[in-house]
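Structure first, then comments.
Bear in mind that the values in this text are calculations on the coordinates, not laboratory data. Since the model is a prediction, treat every value here as computed from it, not as a measurement. Positions of Cβ are generated from backbone atoms using ideal geometry, with glycine treated the same way; all protein chains shown enter the neighbour counts.
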Amino acid sequence: MDNSLNGRKALVTGGASGIGAACARALAARGAKVVVADVDASGAASLADELGGTAWTVDLLDVDALAALSLDCDILVNNAGIQKVAPIEEFEPAEFRRILALMLEAPFLLIRAALPHMYANGFGRIINISSVHGLRASAYKSAYVSAKHGLEGLSKVTALEGGEHGVTSNCINPGYVRTPLVEKQIADQARLHGIPEAEVLAKVMLTESAVKRLVEVEEVASLAAWMASDDAGMVTGASYTMDGGWSAR
C-alpha cells in the first residue's frame, strides 16, 4: 500500500468530476487528506464522503473573495476549467474575461493563499492542470489557449520563487481527455468544421496525435500523484506533456 502522502493535506479545484475527481482519488489513495473544491456542492460532498475528506463549495469566479483567503494545504491542484469554442470575431468579451478569471486569475489567487503555509513548513506542491493548449494553439479557442499559456508562465514564476522554500510548481499538459468538458465540445466542433459529430475525434481532436485515443482521467491523476510525492522534489518549473505525441510536431 502506498502511504507516501500520509500527513499531507491536498486541495483539488474542480474536484467533483473529471480530472479533478480522479486526482482527488489518487491523492487520497496515497494517504492525503483531500479537500474537494467545486461549485457543485452535492458532487463535492459526495466525493469527499467517499474519500474521507472534506468538501469546499466555492465559486472561483468570485475573485474578490479569493483575494482574502489563507489556505493551509500542502498540495494544491489547480484544475477547474471551462471551454468556449467560437471564432474570435464572435467571441463575447465577457466570456473571454470569465475564462481568464477562472483559469488564470483564480489559480494565482489560490497559489498566493497557499504559499505562506507551504513556506512555513518547507514543503509544497503546486500542480497546475494545463493542457497541450498551454504549449500549442488551436483555432476557435482564443480564451482557453490564452489562459493556459498564462498558467504556464505563472507556474514557472511560482517554481522560481518557491524553490528555496521546498515548494515545487509544475504543469501537466494532456491532450483531449475523456471528460464531460471534451464531450460537450464535439457538437460545437462539428458545427464549426461542417462535419458530422462522429468524425470530430478523428478529423479534429486527434489529428495531431500519434496515439489515436483520448487520454483517460486516471492517467492524468497518476502523474499528479507522483508530482505530489517526495520523489518529485527536483521536478519544478516543468510542463509534462501527456498528449499522445501532439506537441512532438
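Okay, here's what the table says:
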| item | result |
| --- | --- |
| Student exercise, region 84-215 dipole from Lys, Arg, Asp, Glu Cβ charges, in Debye to nearest 20 | 280 |
| GluC sites (Glu not before Pro) within region 114-177, DSSP loop, no more than 12 other Cβ atoms inside 10 Å | none |
| Percentage relative contact order, the chain, counting C-alpha pairs under 8 Å, at least six apart | 19 |
| Rg/Rg_globular for region 28-76, with Rg_globular taken as 2.2 N^0.38 Å and Rg from C-alpha atoms | 1.21 |
| Per-pair calculated FRET efficiency, R0 = 22 Å: Asp59 and Ala86 via Cβ, rounded to 0.05 | 0.40 |
| Charge dipole (debye, nearest 20) of the chain; +1 at Cβ of Lys and Arg, -1 at Cβ of Asp and Glu | 420 |
| Spatially close lysines, pair count over the chain: Cα under 25 Å, gap of eight or more or interchain | 18 |
| Low-density loop cleavage sites - trypsin sites (Lys or Arg not before Pro) in region 125-194, where at most 16 other Cβ are within 10 Å (DSSP) | Arg178 |
| C-alpha center-to-center spacing [region 104-129, region 35-83] in angstrom | 14 |
| Degrees separating the helix 18-29 axis from the principal Cα axis of the chain, which is the longest one | 30 |
| Neighbour-limited loop hits for trypsin sites (Lys or Arg not before Pro), region 195-231 (at most 12 other Cβ within 10 Å; DSSP other than H, G, I, E, B) | Lys212, Arg213 |
| Long-range tail of P(r) for region 196-249 (Cα pairs > 14 Å, %) | 63 |
| Total formal charge among the other residues, if their Cβ is under 9 angstrom from that of Ser169, Lys/Arg +1 and Asp/Glu -1 | +1 |
| Computed [θ] at 222 nm, helices only, for the chain once each DSSP H run of length n ≥ 4 contributes -39500 (n - 2.57) | -12500 deg cm²/dmol |
| Tail beyond 23 Å, pair distance distribution of region 1-129 (Cα, percent) | 32 |
| Most fluctuating residue given options Ala24, Ala113, Ala32, as computed from a GNM of the chain linking Cα atoms under 10 Å | Ala113 |
| Counted charge near Glu89, where neighbours are those whose Cβ lies closer than 15 Å (Asp, Glu -1; Lys, Arg +1) | -1 |
